[in-house]
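> Handing you a structure now.
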Amino acid sequence: MSGTFVGMPAFPEAARAAVDNPTLRGNLRHATHTIRAKRAGAVAELSDWAELREAGRRIKDHTLRHLDRYLEQLEASVTAAGGTVHWAADAGEANRIVAALVKETGESEAVKVKSMATQEIGLNEALEAEGIRAYETDLAELIVQLGKDRPSHILVPAIHRNRAEIRKIFTQEMAAWGRPAPEDLTEAPADLAEAARLHLREKFLRAKVGISGANFMVAETGTLVVVESEGNGRMCLTLPETLISVVGIEKIVPTWRDLEVFLQTLPRSSTAERMNPYTSMWTGTTDEDGPRAFHLVLLDNGRTDALADQVGRQALRCIRCSACLNVCPVYERAGGHAYGSVYPGPIGAILTPQLRGTASEIDASLPYASSLCGACYEVCPVAIDIPAVLVHLRERVVEGGPAVRDGNKVVLRPARGHAAERAAMRAAAWAFGHPRALRTGQRLAARSRRLHPRTLPGPGRAWSGTRDLPKLPAEPFRDWWQRTRGGKDGK
(Lines give C-alpha, C1' and ligand atoms only; values in the text may rest on other atoms or scores of the structure.)
Protein backbone atom coordinates (compact mmCIF):
# COMPACT_ATOMS: atom_id res chain seq x y z
CA MET A 1 0.00 0.00 0.00
CA SER A 2 0.96 3.64 -0.29
CA GLY A 3 3.10 5.46 2.21
CA THR A 4 0.44 8.16 2.63
CA PHE A 5 0.06 7.49 6.34
CA VAL A 6 3.66 6.56 7.16
CA GLY A 7 4.86 8.33 10.29
CA MET A 8 1.52 8.21 12.06
CA PRO A 9 1.55 6.73 15.57
CA ALA A 10 0.11 3.33 16.42
CA PHE A 11 -3.63 3.15 16.97
CA PRO A 12 -3.66 3.48 20.79
CA GLU A 13 -1.71 6.74 20.69
CA ALA A 14 -3.60 8.19 17.73
CA ALA A 15 -6.96 7.20 19.24
CA ARG A 16 -6.05 8.79 22.57
CA ALA A 17 -5.51 12.14 20.85
CA ALA A 18 -8.77 11.78 18.88
CA VAL A 19 -10.84 10.98 21.96
CA ASP A 20 -9.56 14.19 23.58
CA ASN A 21 -11.11 16.23 20.74
CA PRO A 22 -14.74 16.99 21.72
CA THR A 23 -15.59 18.57 18.34
CA LEU A 24 -14.43 15.49 16.48
CA ARG A 25 -16.35 13.17 18.79
CA GLY A 26 -19.48 15.26 18.40
CA ASN A 27 -19.25 15.25 14.59
CA LEU A 28 -18.70 11.50 14.51
CA ARG A 29 -21.44 10.67 16.99
CA HIS A 30 -24.04 12.72 15.14
CA ALA A 31 -23.11 11.37 11.70
CA THR A 32 -22.74 7.68 12.58
CA HIS A 33 -25.96 7.56 14.61
CA THR A 34 -27.90 9.25 11.82
CA ILE A 35 -26.56 6.93 9.10
CA ARG A 36 -27.04 3.70 11.04
CA ALA A 37 -30.59 4.59 12.04
CA LYS A 38 -31.52 5.24 8.41
CA ARG A 39 -29.78 2.06 7.32
CA ALA A 40 -31.72 -0.02 9.84
CA GLY A 41 -34.98 1.33 8.42
CA ALA A 42 -33.96 0.65 4.82
CA VAL A 43 -32.86 -2.92 5.57
CA ALA A 44 -36.03 -3.65 7.56
CA GLU A 45 -38.10 -3.03 4.41
CA LEU A 46 -36.77 -6.24 2.84
CA SER A 47 -38.22 -9.49 4.14
CA ASP A 48 -35.46 -11.47 2.38
CA TRP A 49 -32.47 -9.46 3.66
CA ALA A 50 -30.93 -12.51 5.34
CA GLU A 51 -31.20 -14.48 2.08
CA LEU A 52 -29.64 -11.62 0.08
CA ARG A 53 -26.81 -11.43 2.61
CA GLU A 54 -26.14 -15.15 2.31
CA ALA A 55 -26.31 -14.96 -1.49
CA GLY A 56 -23.76 -12.14 -1.49
CA ARG A 57 -21.44 -14.15 0.76
CA ARG A 58 -21.64 -17.21 -1.47
CA ILE A 59 -21.10 -15.26 -4.69
CA LYS A 60 -18.04 -13.56 -3.25
CA ASP A 61 -16.58 -16.78 -1.84
CA HIS A 62 -17.12 -18.59 -5.14
CA THR A 63 -15.48 -15.76 -7.07
CA LEU A 64 -12.46 -15.64 -4.76
CA ARG A 65 -11.97 -19.41 -5.08
CA HIS A 66 -11.87 -19.06 -8.88
CA LEU A 67 -10.42 -15.56 -9.10
CA ASP A 68 -7.77 -16.50 -11.67
CA ARG A 69 -10.36 -17.79 -14.12
CA TYR A 70 -12.71 -14.84 -13.75
CA LEU A 71 -9.90 -12.28 -14.10
CA GLU A 72 -8.83 -13.85 -17.38
CA GLN A 73 -12.44 -13.82 -18.54
CA LEU A 74 -12.76 -10.17 -17.56
CA GLU A 75 -9.60 -9.23 -19.47
CA ALA A 76 -10.88 -10.97 -22.59
CA SER A 77 -14.30 -9.28 -22.30
CA VAL A 78 -12.86 -5.78 -21.77
CA THR A 79 -10.45 -6.21 -24.66
CA ALA A 80 -13.18 -7.47 -26.97
CA ALA A 81 -15.24 -4.39 -26.12
CA GLY A 82 -12.45 -2.02 -27.13
CA GLY A 83 -10.76 -1.43 -23.77
CA THR A 84 -7.17 -2.06 -22.71
CA VAL A 85 -6.27 -4.00 -19.56
CA HIS A 86 -3.14 -3.35 -17.50
CA TRP A 87 -1.95 -5.46 -14.55
CA ALA A 88 -0.36 -3.78 -11.52
CA ALA A 89 1.34 -5.90 -8.87
CA ASP A 90 1.66 -3.04 -6.39
CA ALA A 91 0.99 0.65 -5.79
CA GLY A 92 4.16 1.83 -7.49
CA GLU A 93 3.42 -0.05 -10.69
CA ALA A 94 -0.19 1.15 -10.77
CA ASN A 95 0.87 4.77 -10.31
CA ARG A 96 3.45 4.50 -13.09
CA ILE A 97 0.88 3.02 -15.46
CA VAL A 98 -1.69 5.76 -14.78
CA ALA A 99 0.88 8.58 -15.03
CA ALA A 100 2.14 7.23 -18.36
CA LEU A 101 -1.40 6.94 -19.73
CA VAL A 102 -2.21 10.54 -18.79
CA LYS A 103 1.04 11.80 -20.32
CA GLU A 104 0.25 9.97 -23.57
CA THR A 105 -2.81 12.21 -23.96
CA GLY A 106 -0.69 15.34 -23.63
CA GLU A 107 -2.82 16.55 -20.70
CA SER A 108 -1.60 17.72 -17.29
CA GLU A 109 -4.84 17.41 -15.32
CA ALA A 110 -7.62 14.90 -14.72
CA VAL A 111 -10.96 14.72 -12.94
CA LYS A 112 -11.54 11.87 -10.52
CA VAL A 113 -14.45 9.82 -9.31
CA LYS A 114 -14.31 8.91 -5.61
CA SER A 115 -12.10 5.82 -5.41
CA MET A 116 -10.74 3.93 -2.42
CA ALA A 117 -8.24 2.08 -4.61
CA THR A 118 -6.61 5.30 -5.84
CA GLN A 119 -6.50 6.59 -2.26
CA GLU A 120 -4.89 3.30 -1.22
CA ILE A 121 -2.02 3.66 -3.69
CA GLY A 122 -1.56 7.41 -3.19
CA LEU A 123 -2.33 8.16 -6.84
CA ASN A 124 -2.94 11.89 -6.42
CA GLU A 125 0.46 12.40 -4.84
CA ALA A 126 2.16 10.23 -7.48
CA LEU A 127 0.53 12.19 -10.30
CA GLU A 128 1.47 15.50 -8.71
CA ALA A 129 5.10 14.35 -8.63
CA GLU A 130 4.81 13.83 -12.41
CA GLY A 131 3.36 17.30 -12.98
CA ILE A 132 -0.25 16.12 -13.28
CA ARG A 133 -3.00 17.59 -11.14
CA ALA A 134 -5.93 15.33 -10.21
CA TYR A 135 -9.15 17.03 -9.10
CA GLU A 136 -11.47 15.19 -6.71
CA THR A 137 -15.10 15.71 -7.71
CA ASP A 138 -16.99 13.91 -4.96
CA LEU A 139 -18.15 16.61 -2.50
CA ALA A 140 -16.61 14.97 0.56
CA GLU A 141 -13.39 14.12 -1.28
CA LEU A 142 -13.24 17.73 -2.51
CA ILE A 143 -13.46 18.94 1.09
CA VAL A 144 -10.65 16.58 2.08
CA GLN A 145 -8.47 17.64 -0.85
CA LEU A 146 -9.00 21.38 -0.38
CA GLY A 147 -8.38 21.02 3.35
CA LYS A 148 -5.08 19.16 2.76
CA ASP A 149 -6.64 16.45 4.89
CA ARG A 150 -7.03 12.68 4.84
CA PRO A 151 -10.28 10.71 4.47
CA SER A 152 -11.85 9.61 7.76
CA HIS A 153 -14.63 7.35 6.49
CA ILE A 154 -15.15 5.00 3.56
CA LEU A 155 -18.48 6.46 2.46
CA VAL A 156 -18.25 9.99 3.87
CA PRO A 157 -14.54 10.92 3.84
CA ALA A 158 -15.20 14.31 5.47
CA ILE A 159 -17.41 12.93 8.24
CA HIS A 160 -15.11 14.54 10.80
CA ARG A 161 -15.88 18.04 9.49
CA ASN A 162 -18.86 20.21 10.40
CA ARG A 163 -20.47 22.92 8.25
CA ALA A 164 -18.50 25.77 9.80
CA GLU A 165 -15.23 23.99 9.07
CA ILE A 166 -16.31 23.25 5.49
CA ARG A 167 -17.24 26.88 4.84
CA LYS A 168 -13.84 27.98 6.12
CA ILE A 169 -12.05 25.49 3.86
CA PHE A 170 -14.04 26.61 0.79
CA THR A 171 -13.48 30.32 1.37
CA GLN A 172 -9.76 29.92 2.05
CA GLU A 173 -8.75 27.23 -0.46
CA MET A 174 -11.09 27.10 -3.47
CA ALA A 175 -9.45 29.98 -5.33
CA ALA A 176 -6.10 28.19 -5.44
CA TRP A 177 -7.72 25.21 -7.19
CA GLY A 178 -10.05 27.02 -9.61
CA ARG A 179 -13.24 29.02 -9.25
CA PRO A 180 -13.29 30.72 -5.82
CA ALA A 181 -16.13 30.36 -3.33
CA PRO A 182 -18.77 33.14 -3.29
CA GLU A 183 -17.86 36.02 -0.98
CA ASP A 184 -21.18 35.72 0.85
CA LEU A 185 -20.95 31.94 1.32
CA THR A 186 -22.93 30.73 4.34
CA GLU A 187 -22.90 27.49 6.31
CA ALA A 188 -26.21 26.35 4.81
CA PRO A 189 -25.79 22.91 3.18
CA ALA A 190 -27.45 24.11 -0.03
CA ASP A 191 -25.04 27.05 -0.30
CA LEU A 192 -22.00 24.86 0.34
CA ALA A 193 -23.18 22.34 -2.27
CA GLU A 194 -23.80 25.10 -4.81
CA ALA A 195 -20.31 26.52 -4.26
CA ALA A 196 -18.86 23.06 -4.91
CA ARG A 197 -21.05 22.58 -8.00
CA LEU A 198 -19.94 25.83 -9.59
CA HIS A 199 -16.31 25.13 -8.72
CA LEU A 200 -16.42 21.66 -10.28
CA ARG A 201 -18.54 22.41 -13.34
CA GLU A 202 -15.73 24.21 -15.17
CA LYS A 203 -13.42 21.27 -14.51
CA PHE A 204 -15.92 18.77 -15.91
CA LEU A 205 -16.35 20.80 -19.09
CA ARG A 206 -12.65 21.13 -19.89
CA ALA A 207 -11.29 17.78 -18.65
CA LYS A 208 -9.90 15.42 -21.28
CA VAL A 209 -8.96 12.65 -18.84
CA GLY A 210 -11.13 10.97 -16.21
CA ILE A 211 -9.92 8.61 -13.50
CA SER A 212 -12.20 6.28 -11.58
CA GLY A 213 -12.41 3.14 -9.56
CA ALA A 214 -15.33 0.74 -9.74
CA ASN A 215 -17.71 -0.83 -7.29
CA PHE A 216 -18.03 -3.97 -9.42
CA MET A 217 -16.65 -5.56 -12.59
CA VAL A 218 -18.72 -8.16 -14.47
CA ALA A 219 -16.51 -10.89 -15.90
CA GLU A 220 -18.91 -12.21 -18.55
CA THR A 221 -19.36 -8.83 -20.29
CA GLY A 222 -16.39 -6.71 -19.21
CA THR A 223 -18.77 -4.15 -17.72
CA LEU A 224 -17.68 -1.83 -14.91
CA VAL A 225 -20.11 -0.31 -12.43
CA VAL A 226 -19.93 2.84 -10.31
CA VAL A 227 -22.73 3.74 -7.91
CA GLU A 228 -22.96 7.24 -6.42
CA SER A 229 -25.39 9.85 -5.15
CA GLU A 230 -24.24 13.19 -6.55
CA GLY A 231 -23.87 12.83 -10.32
CA ASN A 232 -20.21 13.82 -10.35
CA GLY A 233 -19.28 10.26 -11.24
CA ARG A 234 -21.53 10.31 -14.28
CA MET A 235 -19.82 13.50 -15.45
CA CYS A 236 -16.32 12.04 -14.99
CA LEU A 237 -17.21 8.79 -16.71
CA THR A 238 -18.87 10.26 -19.81
CA LEU A 239 -17.35 13.66 -20.66
CA PRO A 240 -13.57 13.02 -20.87
CA GLU A 241 -12.00 11.57 -24.00
CA THR A 242 -9.90 9.09 -22.01
CA LEU A 243 -11.10 7.10 -19.00
CA ILE A 244 -8.68 5.24 -16.70
CA SER A 245 -10.16 2.95 -14.04
CA VAL A 246 -8.04 1.57 -11.21
CA VAL A 247 -9.80 -1.38 -9.57
CA GLY A 248 -8.82 -3.99 -7.00
CA ILE A 249 -8.90 -7.52 -8.40
CA GLU A 250 -11.42 -8.58 -5.74
CA LYS A 251 -14.15 -6.29 -7.13
CA ILE A 252 -15.13 -8.83 -9.78
CA VAL A 253 -18.43 -10.74 -10.01
CA PRO A 254 -19.00 -13.53 -12.54
CA THR A 255 -22.33 -12.54 -14.15
CA TRP A 256 -25.00 -9.86 -14.48
CA ARG A 257 -27.27 -12.02 -12.38
CA ASP A 258 -24.75 -11.88 -9.54
CA LEU A 259 -24.56 -8.10 -9.83
CA GLU A 260 -28.29 -7.85 -9.11
CA VAL A 261 -27.76 -9.07 -5.53
CA PHE A 262 -25.24 -6.36 -4.69
CA LEU A 263 -27.24 -3.58 -6.31
CA GLN A 264 -29.84 -4.33 -3.65
CA THR A 265 -27.59 -4.72 -0.62
CA LEU A 266 -24.95 -2.03 -1.23
CA PRO A 267 -27.18 1.09 -1.35
CA ARG A 268 -29.24 0.03 1.66
CA SER A 269 -26.15 -0.74 3.71
CA SER A 270 -24.22 2.37 2.71
CA THR A 271 -26.51 5.35 2.05
CA ALA A 272 -29.74 3.77 3.34
CA GLU A 273 -31.29 4.18 -0.11
CA ARG A 274 -33.36 1.62 -1.97
CA MET A 275 -31.12 2.19 -4.96
CA ASN A 276 -28.36 4.61 -5.76
CA PRO A 277 -29.49 7.79 -7.56
CA TYR A 278 -26.73 7.25 -10.14
CA THR A 279 -25.70 3.78 -11.29
CA SER A 280 -23.24 4.13 -14.17
CA MET A 281 -22.20 1.13 -16.25
CA TRP A 282 -19.78 1.05 -19.16
CA THR A 283 -18.41 -1.69 -21.36
CA GLY A 284 -15.30 -0.82 -23.32
CA THR A 285 -15.77 2.02 -25.81
CA THR A 286 -18.58 2.99 -28.17
CA ASP A 287 -18.37 5.33 -31.14
CA GLU A 288 -19.74 8.81 -30.40
CA ASP A 289 -20.79 7.81 -26.88
CA GLY A 290 -18.51 8.38 -23.91
CA PRO A 291 -14.71 8.24 -23.81
CA ARG A 292 -12.87 7.19 -26.99
CA ALA A 293 -10.20 5.32 -24.99
CA PHE A 294 -10.75 3.14 -21.92
CA HIS A 295 -7.99 1.65 -19.76
CA LEU A 296 -8.57 -0.76 -16.88
CA VAL A 297 -5.75 -1.09 -14.34
CA LEU A 298 -6.24 -4.24 -12.27
CA LEU A 299 -4.62 -3.75 -8.88
CA ASP A 300 -3.22 -6.50 -6.67
CA ASN A 301 -1.22 -4.65 -3.99
CA GLY A 302 -1.37 -7.41 -1.38
CA ARG A 303 -4.71 -8.93 -2.34
CA THR A 304 -3.32 -12.28 -3.47
CA ASP A 305 -1.40 -12.44 -0.21
CA ALA A 306 -4.67 -11.98 1.68
CA LEU A 307 -6.31 -14.58 -0.58
CA ALA A 308 -3.78 -17.16 0.62
CA ASP A 309 -5.01 -16.78 4.22
CA GLN A 310 -7.94 -19.14 4.71
CA VAL A 311 -9.32 -17.12 7.63
CA GLY A 312 -8.39 -13.61 6.58
CA ARG A 313 -9.41 -13.88 2.92
CA GLN A 314 -13.05 -13.16 3.77
CA ALA A 315 -12.05 -9.50 4.12
CA LEU A 316 -11.87 -9.49 0.30
CA ARG A 317 -15.64 -9.94 0.19
CA CYS A 318 -15.99 -6.33 1.31
CA ILE A 319 -18.15 -4.15 -0.96
CA ARG A 320 -17.10 -0.92 0.85
CA CYS A 321 -20.54 -0.10 2.24
CA SER A 322 -19.08 1.24 5.54
CA ALA A 323 -21.94 -0.17 7.65
CA CYS A 324 -19.39 -1.66 10.07
CA LEU A 325 -17.90 1.80 10.73
CA ASN A 326 -21.24 3.29 11.64
CA VAL A 327 -22.01 0.74 14.36
CA CYS A 328 -18.50 0.44 15.79
CA PRO A 329 -18.12 2.01 19.27
CA VAL A 330 -14.37 2.34 18.73
CA TYR A 331 -14.65 4.14 15.40
CA GLU A 332 -17.37 6.43 16.76
CA ARG A 333 -14.99 7.74 19.39
CA ALA A 334 -11.62 7.57 17.63
CA GLY A 335 -12.52 8.51 14.05
CA GLY A 336 -10.90 7.25 10.88
CA HIS A 337 -7.52 9.00 11.03
CA ALA A 338 -6.44 6.95 14.05
CA TYR A 339 -6.34 3.81 11.87
CA GLY A 340 -3.47 5.15 9.77
CA SER A 341 -5.02 3.89 6.54
CA VAL A 342 -7.61 4.87 3.95
CA TYR A 343 -9.57 1.87 5.24
CA PRO A 344 -10.68 2.82 8.75
CA GLY A 345 -12.98 1.13 11.22
CA PRO A 346 -13.50 -2.62 11.66
CA ILE A 347 -12.93 -3.51 8.01
CA GLY A 348 -9.72 -1.48 7.97
CA ALA A 349 -8.53 -3.24 11.12
CA ILE A 350 -8.57 -6.56 9.25
CA LEU A 351 -7.91 -5.49 5.66
CA THR A 352 -4.96 -3.14 6.12
CA PRO A 353 -2.76 -5.58 8.13
CA GLN A 354 -3.28 -8.15 5.39
CA LEU A 355 -2.49 -5.78 2.52
CA ARG A 356 0.47 -4.10 4.23
CA GLY A 357 1.58 -6.81 6.64
CA THR A 358 2.06 -6.41 10.39
CA ALA A 359 5.73 -5.40 10.47
CA SER A 360 5.12 -1.75 11.36
CA GLU A 361 3.93 -0.61 14.77
CA ILE A 362 0.73 0.91 13.41
CA ASP A 363 -0.24 -2.18 11.38
CA ALA A 364 0.50 -4.49 14.31
CA SER A 365 -1.81 -2.38 16.48
CA LEU A 366 -4.83 -2.44 14.17
CA PRO A 367 -6.17 -5.92 15.08
CA TYR A 368 -6.49 -4.59 18.64
CA ALA A 369 -8.56 -1.56 17.57
CA SER A 370 -11.78 -3.33 18.49
CA SER A 371 -13.87 -4.32 21.48
CA LEU A 372 -14.92 -7.55 19.68
CA CYS A 373 -18.56 -6.68 20.37
CA GLY A 374 -19.64 -8.27 17.08
CA ALA A 375 -21.85 -5.40 15.84
CA CYS A 376 -19.75 -5.16 12.67
CA TYR A 377 -20.50 -8.78 11.75
CA GLU A 378 -24.21 -8.33 12.35
CA VAL A 379 -24.53 -5.46 9.85
CA CYS A 380 -22.11 -6.68 7.17
CA PRO A 381 -24.10 -7.33 3.96
CA VAL A 382 -21.66 -10.07 2.88
CA ALA A 383 -21.31 -11.66 6.34
CA ILE A 384 -17.61 -11.01 6.96
CA ASP A 385 -16.88 -12.40 10.41
CA ILE A 386 -14.70 -9.44 11.38
CA PRO A 387 -14.28 -10.46 15.07
CA ALA A 388 -12.97 -13.89 14.03
CA VAL A 389 -10.45 -12.32 11.65
CA LEU A 390 -9.38 -9.82 14.31
CA VAL A 391 -8.60 -12.65 16.74
CA HIS A 392 -6.77 -14.51 13.97
CA LEU A 393 -4.63 -11.45 13.20
CA ARG A 394 -3.93 -10.85 16.88
CA GLU A 395 -2.51 -14.35 17.05
CA ARG A 396 -0.33 -13.57 14.04
CA VAL A 397 0.95 -10.38 15.67
CA VAL A 398 1.74 -12.09 18.98
CA GLU A 399 3.01 -15.46 17.77
CA GLY A 400 4.19 -14.77 14.24
CA GLY A 401 4.15 -17.86 12.04
CA PRO A 402 3.64 -18.77 8.36
CA ALA A 403 2.15 -16.22 5.99
CA VAL A 404 2.38 -15.05 2.38
CA ARG A 405 4.02 -11.72 1.56
CA ASP A 406 4.58 -10.48 -1.99
CA GLY A 407 3.56 -13.89 -3.26
CA ASN A 408 6.20 -15.74 -1.24
CA LYS A 409 5.73 -18.02 1.75
CA VAL A 410 7.45 -16.52 4.77
CA VAL A 411 7.60 -17.07 8.51
CA LEU A 412 6.70 -13.90 10.36
CA ARG A 413 8.49 -12.96 13.55
CA PRO A 414 6.34 -12.01 16.55
CA ALA A 415 5.80 -8.27 16.89
CA ARG A 416 7.72 -6.46 19.59
CA GLY A 417 5.97 -5.53 22.83
CA HIS A 418 3.93 -8.72 23.19
CA ALA A 419 6.32 -10.89 25.22
CA ALA A 420 4.12 -10.78 28.33
CA GLU A 421 1.05 -11.68 26.30
CA ARG A 422 2.83 -14.60 24.65
CA ALA A 423 4.05 -15.86 28.03
CA ALA A 424 0.58 -15.60 29.55
CA MET A 425 -1.10 -17.43 26.65
CA ARG A 426 1.49 -20.18 26.65
CA ALA A 427 1.13 -20.61 30.42
CA ALA A 428 -2.65 -20.79 30.02
CA ALA A 429 -2.33 -23.34 27.21
CA TRP A 430 -0.05 -25.49 29.37
CA ALA A 431 -2.42 -25.28 32.34
CA PHE A 432 -5.48 -26.22 30.29
CA GLY A 433 -3.52 -29.16 28.92
CA HIS A 434 -2.72 -30.44 32.42
CA PRO A 435 -5.97 -30.91 34.42
CA ARG A 436 -4.26 -31.61 37.75
CA ALA A 437 -2.19 -28.42 37.57
CA LEU A 438 -5.29 -26.46 36.57
CA ARG A 439 -7.28 -27.86 39.49
CA THR A 440 -4.49 -27.08 41.96
CA GLY A 441 -4.17 -23.54 40.62
CA GLN A 442 -7.92 -22.96 40.91
CA ARG A 443 -7.95 -24.13 44.53
CA LEU A 444 -5.00 -21.94 45.46
CA ALA A 445 -6.60 -18.92 43.78
CA ALA A 446 -9.90 -19.51 45.60
CA ARG A 447 -8.27 -19.90 49.03
CA SER A 448 -6.12 -16.80 48.61
CA ARG A 449 -8.83 -14.61 47.11
CA ARG A 450 -8.84 -12.17 50.05
CA LEU A 451 -5.24 -11.28 49.23
CA HIS A 452 -5.90 -10.50 45.56
CA PRO A 453 -5.31 -6.85 44.46
CA ARG A 454 -8.08 -4.70 43.01
CA THR A 455 -5.91 -3.74 40.04
CA LEU A 456 -3.30 -5.61 38.06
CA PRO A 457 0.37 -4.63 38.23
CA GLY A 458 2.66 -3.75 35.31
CA PRO A 459 1.17 -4.10 31.79
CA GLY A 460 -2.07 -5.34 33.36
CA ARG A 461 -2.88 -1.79 34.47
CA ALA A 462 -4.01 -0.99 30.94
CA TRP A 463 -6.84 -3.50 31.40
CA SER A 464 -7.77 -3.04 35.07
CA GLY A 465 -7.49 0.75 34.93
CA THR A 466 -10.99 0.92 33.44
CA ARG A 467 -12.47 -2.35 34.68
CA ASP A 468 -13.10 -4.10 37.97
CA LEU A 469 -11.27 -7.37 38.39
CA PRO A 470 -13.82 -10.19 38.67
CA LYS A 471 -14.07 -11.65 42.15
CA LEU A 472 -13.14 -15.29 42.54
CA PRO A 473 -15.71 -17.65 44.05
CA ALA A 474 -15.06 -19.35 47.37
CA GLU A 475 -14.40 -22.66 45.61
CA PRO A 476 -13.69 -23.77 42.02
CA PHE A 477 -16.59 -25.01 39.89
CA ARG A 478 -15.15 -28.54 39.80
CA ASP A 479 -15.12 -28.74 43.60
CA TRP A 480 -18.62 -27.28 43.85
CA TRP A 481 -19.91 -29.79 41.31
CA GLN A 482 -18.31 -32.70 43.12
CA ARG A 483 -19.67 -31.54 46.46
CA THR A 484 -23.23 -30.91 45.26
CA ARG A 485 -23.64 -33.40 42.42
CA GLY A 486 -20.92 -35.94 43.00
CA GLY A 487 -22.15 -39.52 42.94
CA LYS A 488 -25.74 -38.58 42.02
CA ASP A 489 -27.43 -40.41 39.14
CA GLY A 490 -24.34 -42.54 38.80
CA LYS A 491 -22.25 -39.52 37.63
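> Lone cysteines in the chain, defined as no other cysteine's Cβ under 4.7 Å from theirs: which are they?
Result for the chain is CYS236, CYS318, CYS321, CYS328, CYS373, CYS380, no neighbouring Cys Cβ within the cutoff.
> Taking amide H atoms as placed 1.01 Å from N in the peptide plane, list the residues 5 or more away in sequence, or in a different chain, whose amide H sits under 5 Å from that of ILE211.
VAL111, LYS112, VAL113, ILE244
> Apply the Karplus curve 6.51 cos²θ - 1.76 cosθ + 1.60, θ = phi - 60°, to the phi angles in the stretch 276-289 and return the couplings in whole Hz, x for Gly and Pro.
Along the stretch 276-289, the couplings run 6, x, 10, 10, 9, 10, 9, 10, x, 10, 9, 4, 6, 8 Hz.
> Mind pulling the angle between the C-alpha long axis of helix 91-104 and the longest principal axis of the chain? Nearest 10 degrees, somewhere in 0 to 90.
The two axes meet at around 10 degrees.
> When all protein chains stay in place, what accessible area (Å², nearest 10, 1.4 Å probe) is found for LEU46?
The value for LEU46 is about 40 Å².
> Quantify, in whole percent, the carbon and sulfur part of the accessible surface of the stretch 26-127 (1.4 Å probe; protein heavy atoms only).
In the stretch 26-127, the share of accessible area belonging to carbon and sulfur is 51 percent.
> Further question on the same structure: Which angle between 0 and 90 degrees, to the nearest 10, do you get for helix 419-432 versus the longest principal axis of the chain when only C-alpha atoms count?
So the inclination is approximately 50 degrees.
> Can you sort THR279, THR466, THR455 by solvent-accessible area, 1.4 Å probe, largest first?
Largest accessible area first, the residues go THR466, THR455, THR279.
> Which order do TYR343, TYR278 take by accessible area at a 1.4 Å probe, largest first? Write out the running numbers ahead of the final one.
Working: TYR343 5, TYR278 80 Å².
Accessible-area ranking of TYR343, TYR278, largest first: TYR278, TYR343.
> At 1.4 Å probe size, with no ligands or nucleic acids counted, give the accessible surface of CYS328 in Å², nearest ten.
10
> Using alpha carbons only, how many angstrom separate the centre of the stretch 394-431 from the centre of the stretch 170-198?
51
> To continue, here is another question. Within the stretch 201-254, what percent of beta bridges assigned by DSSP are antiparallel, to the nearest 5?
35
> Shifting gears a bit: With all protein chains present and a 1.4 Å probe, how do ARG197, ARG65 order by accessible area, largest first?
Descending order: ARG65, ARG197.
> Report, in deg cm²/dmol and to the nearest 500, the calculated mean residue ellipticity at 222 nm for the chain, where each DSSP H run with n ≥ 4 adds -39500 (n - 2.57) and the sum is divided by the residue count.
Value at 222 nm, helices only: -15000 deg cm²/dmol.
> Right, next: Under 5 Å between amide hydrogens, which residues at least 5 positions from HIS86 or on another chain qualify, with H placed 1.01 Å from N in the peptide plane?
The list, which skips near neighbours in sequence, is LEU296, VAL297, LEU298.
The values are calculated or read from the model by the stated rules, or taken from the named source; none is laboratory data. Computed from a predicted structure; not experimentally measured. Cβ atoms come from the backbone with ideal geometry, glycine included; neighbour counts cover every protein chain shown. Ligands, DNA and RNA are excluded from the accessible area calculation, which covers all protein heavy atoms including side chains. Shrake-Rupley method; radii C 1.70, N 1.55, O 1.52, S 1.80 Å.
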